[in-house]
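Visitor: Sharing a structure, written as structure tokens. Questions coming.
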Amino acid sequence: MSRLDDRRFRATTAFQRRLNPLLRCLPFQTVVETTGRVSGLPRRTPVGGRRVGDVFWLVSEFGERSQYVRNIKADPRVRVRIGGRWHTGTAGLLPDDDPAARLRGLPRFNSVAVRALGTDLLTVRVDLDG
């Protein structure tokens, strides 16, 4: 990772640490809940994505550097709050997917931010249970 990418990562994550607690409280905000890989506690992260049938798609702006992605690697069972309702599912990382193309099908506001701030885009697919 270049110095510029590293600075962008640090600045963005510092901002997100302050903003995410507020966003998690908003009932309309989509949230992914993972299990902390060290603590074992639930970790909730606001995300932008879209449900298509029984699959929820999202793109991580920092790939495997994102804490929720690291948690998914350790335990792929997740919950996703969509439209105020929780859904359980199994998440998978898709490094061979084209995240830029995937972003074109996701909510525009979030996609613009992910493209502008992201340094290592990674597609995440959550297969929702029933």
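Visitor: Please find, within the stretch 99-111, the residue that is surrounded by the fewest Cβ atoms within 10 Å (Cβ to Cβ) out of those that are hydrophobic (A, V, I, L, M, F, W, C) and closer than 12 Å to GLY49 by Cα.
Guide: Looking at the filtered set, the residue picked out is PHE109.
Visitor: While we're looking at this one, here's another question. Go through the stretch 15-48 and give me each residue that's surrounded by fewer than 17 Cβ atoms within 10 Å (Cβ to Cβ), in contact with a strand residue (DSSP E or B) (Cβ under 9 Å, 6 or more places away or on another chain), aliphatic (A, V, I, L, M) and modelled with pLDDT of 70 or more.
Guide: Within the stretch 15-48, just LEU41 meets the criteria.
Visitor: Still on this structure, please answer the following. Is one or more of the residues making up the stretch 56-68 loosely packed, with under 14 Cβ neighbours inside 10 Å, closer than 17 Å to GLN29 by Cα and in contact (Cβ under 8 Å) with a residue 12 or more places away in the chain?
Guide: No, every residue in the stretch 56-68 fails to be loosely packed, with under 14 Cβ neighbours inside 10 Å, closer than 17 Å to GLN29 by Cα and in contact (Cβ under 8 Å) with a residue 12 or more places away in the chain.
Visitor: Would you pick out the residues in the stretch 77-113 that are in contact (Cβ under 8 Å) with a residue 60 or more places away in the chain and touching a helix residue (DSSP H, G or I) at 6+ places or on another chain (Cβ under 6 Å)?
Guide: Applying the first criterion (in contact (Cβ under 8 Å) with a residue 60 or more places away in the chain) to the stretch 77-113 yields 109-111, 113.
Across the stretch 77-113, the qualifying residue is only SER111.
Visitor: Based on what the data block shows, is THR119 assigned to a strand (DSSP E or B), open to solvent by 20 Å² or more (accessible area, probe 1.4 Å) and either of a type in the set (S, T, N, Q) or in contact (Cβ under 8 Å) with a residue 60 or more places away in the chain (or both)?
Guide: Values: assigned to a strand (DSSP E or B): no; open to solvent by 20 Å² or more (accessible area, probe 1.4 Å): yes; either of a type in the set (S, T, N, Q) or in contact (Cβ under 8 Å) with a residue 60 or more places away in the chain (or both): yes.
It is false that THR119 is assigned to a strand (DSSP E or B), open to solvent by 20 Å² or more (accessible area, probe 1.4 Å) and either of a type in the set (S, T, N, Q) or in contact (Cβ under 8 Å) with a residue 60 or more places away in the chain (or both).
The values are calculated or read from the model by the stated rules, or taken from the named source; none is laboratory data. Predicted, not measured: the structure shown is a model, and the values here were computed from it. Neighbour counts run over all protein chains shown; Cβ positions are idealised from the backbone, glycine included. Please note that ligands, DNA and RNA were not included when accessible areas were found on the heavy atoms of the full protein model with its side chains. Shrake-Rupley method; radii C 1.70, N 1.55, O 1.52, S 1.80 Å.
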